[in-house]
Amino acid sequence: MAMRFESFFRRVREAVLLALGVAFFSCGNTRVVHPSFPDGGLLKDAAPFSAELLSKLNGMYLVADGGPLAGVVAVHAAPAAGTLSIFARSNDAYAILRAGCLDGGERVVFEGAWRHPRTTEAGLVRLFVEDAAIAKALCTDTPLAAAWTNFTLSGATGAGNALPGAPLSLAYDHALLDANDSFVVAAHHGACRTIDDCGASENSLESIELVESFGASVVELDVRITKDGVPILYHDENFTPRLSNGTYCHGPVSEFTLAGIRALCTLTYGEKVPTLEDALGAALNKTTLHGVWLDIKTPEAVGPAIKLAETYNHYGKKQQGRVFRAVIGLAETEVLEAYIAAEKSPDSPCLVELEPADVRRAKCQLWGPRWTRGPLQDEVAALQSEGRGVVYWTIDEPTFIELFLKMGKPNGILSDRPGLVFQEFQVLGVLPAGSVKL
């Protein structure tokens, strides 16, 4: 046992050093060029079909002639976003595509781009549904006589803005595992970190609307409070060029009014700094996300965040068939104590990142241990036996995602690369004990 964990923590140190090296390298890069088809590609003249039908293509596929996408990949539809995504373990690669019908509904085309998030590598993707019957069923929204299996998506990939020319073929292998609300993929700060540049800055409304395309059903957001008492999204204690722009956008977030932030600050890629109310509204009304994990950064933000979370949880319950929960995240002792003392509903959902005893004392449903503490199997199993859930944070390396899924059997993993977690969970198929919604 001692040797196993000595090896584990050696790998942890190696991963941390690698992550620091990647972060250092990324900070010095210019923005990633997100390729696009000239003149709108084939989709420009394609007829749309119901985004709900994209879910018919969900599954695990085997890649032939994959190029930047290789191995066993997970294909995931996000109907609210109108996208079909492909997630691979190799280079943490992903591709996000949109669909349309050609030739009077006889062919279906998917166009978009692939990315290797650890680098600036990206390129175009164009795929077609090879089975004519499936293509017609998608385009005409008619039942298919046979099962939606044994079909292939085929086409090509390119590099940069070059038109696709390298063959790509994805053969359907089997259906996705239904986690039955027992496991969630949670996206850290939004669809990705700012330095990974998936098309939007972290903690932006634009990033929230991208989250489902990256395989997550839960988004984690960072909450601070302005000088005039308005909860906003921002990770760091201070406005700096690391995450924001503006000649006079410098200094403690708590010393700026919301009006001052609006006048002086934007996020890295030009988006406005959102209020928490803006963010919850976007998550509820513009996505089908199941949960929003609010990482409360200061005690002063606890009360306002609780009020907004309870309001939007109420709105979510009124939407028939909708699952939506805004969960208060408690990572620091001072924030935990403020939460315990605050006025709140008895069923207000919360998550504690400290010790299991703190989870119980705050009467929270969820524990969020930092991954560098190890899998903590006994503590995880004990909390799950009490009907609580466990979500590790923040795991981005494939080796550790696999290890924690196998050893810890958690109810979720928070990651900067949620598509990678989605793919690994589907490959391993390790279901946790119990069913806990986040």
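The values are calculated or read from the model by the stated rules, or taken from the named source; none is laboratory data. Only a predicted model underlies this, so the values are computations on that prediction, with no experimental measurement involved. Counting neighbours? That spans all protein chains shown, and the Cβs are built from the backbone with ideal geometry, glycine included.
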Item to check | Among the residues listed as Thr240, Thr298, the single one being free of Cβ contacts under 8 Å to residues at least 60 places away in the same chain and more than 30 Å from Phe183 (Cβ to Cβ) | outcome: Thr240
Checklist entry - How many of the residues making up segment 66-115 are over 18 Å from Val211 (Cβ atoms) and assigned to a strand (DSSP E or B)? => result 12
Item to check | Filtered residues of segment 427-438 (kept if modelled with pLDDT of 85 or more and crowded, with 23+ Cβ neighbours inside 10 Å) | outcome: none
Item to check | Only one of Glu353, Glu386, Glu424 that is surrounded by fewer than 20 Cβ atoms within 10 Å (Cβ to Cβ) and of a type outside the set (Gly, Ala, Ser) | outcome: Glu386
Checklist entry - Which one is nearest to Ala305 (Cα to Cα) among residues in segment 231-276 that are among the basic types (Lys, Arg) and part of a loop (DSSP other than H, G, I, E, B)? => result Lys272
Checklist entry - Could you list, in sequence order, the residues of segment 412-422 that are in a helix (DSSP H, G or I) and among the β-branched types (Val, Ile, Thr)? => result Val421
Item to check | Number of the exception - Val323 against (1) of a type in the set (A, V, I, L, M); (2) in contact with a helix residue (DSSP H, G or I) (Cβ under 7 Å, 6 or more places away or on another chain); (3) surrounded by fewer than 16 Cβ atoms within 10 Å (Cβ to Cβ) | outcome: (2)
Item to check | Criterion: basic (Lys, Arg) and at pLDDT below 95 - qualifying residue of Arg224, Arg193 | outcome: Arg193
Checklist outcome for this item: From the option list Ser385, Ser348, single residue qualifying as over 27 Å from the mean Cα position of the chain (by Cα) and among the polar types (S, T, N, Q) is Ser385
Next on the checklist: Looking at segment 169-210 only, could you name the residues that are outside any loop (DSSP other than H, G, I, E, B), buried (at least 19 other Cβ atoms within 10 Å of the Cβ) and among the small types (Gly, Ala, Ser)?
Outcome noted: Ala186, Ala187, Ser207
Next on the checklist: Criterion first (closer than 14 Å to Leu221 by Cβ and of a type in the set (A, V, I, L, M)) does Leu264 satisfy it?
Outcome noted: no
Checklist entry - Name the pairs: first residue in segment 187-210 and farther than 22 Å from His290 by Cβ and outside the structural domain of Ala78 (by TED's automatic domain parsing), second residue modelled with pLDDT of 95 or more and of a type in the set (Gly, Ala, Ser), Cβ to Cβ under 6 Å, at least 6 apart or on different chains? => result Thr194/Ser201
Next on the checklist: I need every pair where a residue in segment 263-274 that is among the hydroxyl-bearing types (Ser, Thr, Tyr) has its Cβ under 6 Å from the Cβ of a residue that is surrounded by fewer than 17 Cβ atoms within 10 Å (Cβ to Cβ), sequence separation at least 6 or different chains.
Outcome noted: Thr266/Asn245
Checklist entry - Where in segment 297-411 are there helices (runs of 4 or more DSSP H), lying wholly inside it, with at least 2 residues that are acidic (Asp, Glu)? => result 333-341, 377-385
Checklist entry - Does segment 90-108 hold any residues that are acidic (Asp, Glu) and touching a residue at least 40 places away in the same chain (Cβ under 8 Å), and which are they? => result Asp92
Next on the checklist: Between Gly82, Gly71, which is farther than 24 Å from Ala162 by Cβ, in the same structural domain as Glu130 (by TED's automatic domain parsing), out of contact with any Asp or Glu (no Cβ under 8 Å at 6 or more places or on another chain) and small (Gly, Ala, Ser)?
Outcome noted: Gly82
